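Each remark here refers to the structure printed beneath this line.
Only the coordinates and a few stated rules stand behind these numbers; no lab work does. Computed from a predicted model, the values in this text were never measured in an experiment. Cβ placement follows ideal geometry from the backbone for every residue including glycine, while neighbour counts extend to all protein chains displayed.
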């Protein structure tokens, strides 16, 4: 009986060794390579298109937003309509329409929206700027309702839009004062 257990044990160890050390996945996960992003720019946010993983957006402190359509082999600036230079802190891609993208940060202290995959940007509402929202550091889109967007700001807390960014309301009720 012990001989059978020992043979099974050794066979299991050999199997794990062969699978683990010959796996391309293990090697791929531990190898990093430069993608040739912007020289000297601090990247503040990154978003990957859920329908095409080769399309990636990145934001930076001074360079606005950059985009790759080939998995990082090359990058282009997509700042038409953004207030650059200016820090963009957050990027969110609409989960139901990858052409709709939201960015926000210190660049004008507004949320910017693109409906053409980042080729051009506009401000759908001045509400956040008017009510003193501060810098927009986190933007997220409700995965079940892409018209509902949440923004976390550095001065006045949290905001919500239920119409794709056209208007915003503060949703700070119940939050501790130190989080606003």
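For a Förster distance of 30 Å, can you work out the FRET efficiency between the beta-carbons of residue 155 and residue 50, rounded to the nearest 0.05? Before the final figure, lay out the partial values.
Details: r = 31 Å, r/R0 = 1.04.
According to the calculation, E is roughly 0.45.
Going 7 Å from the Cα of residue 146 along its beta-carbon direction, which residues of segment 43-65 have the amide nitrogen within less than 18 Å of the resulting point?
47-57
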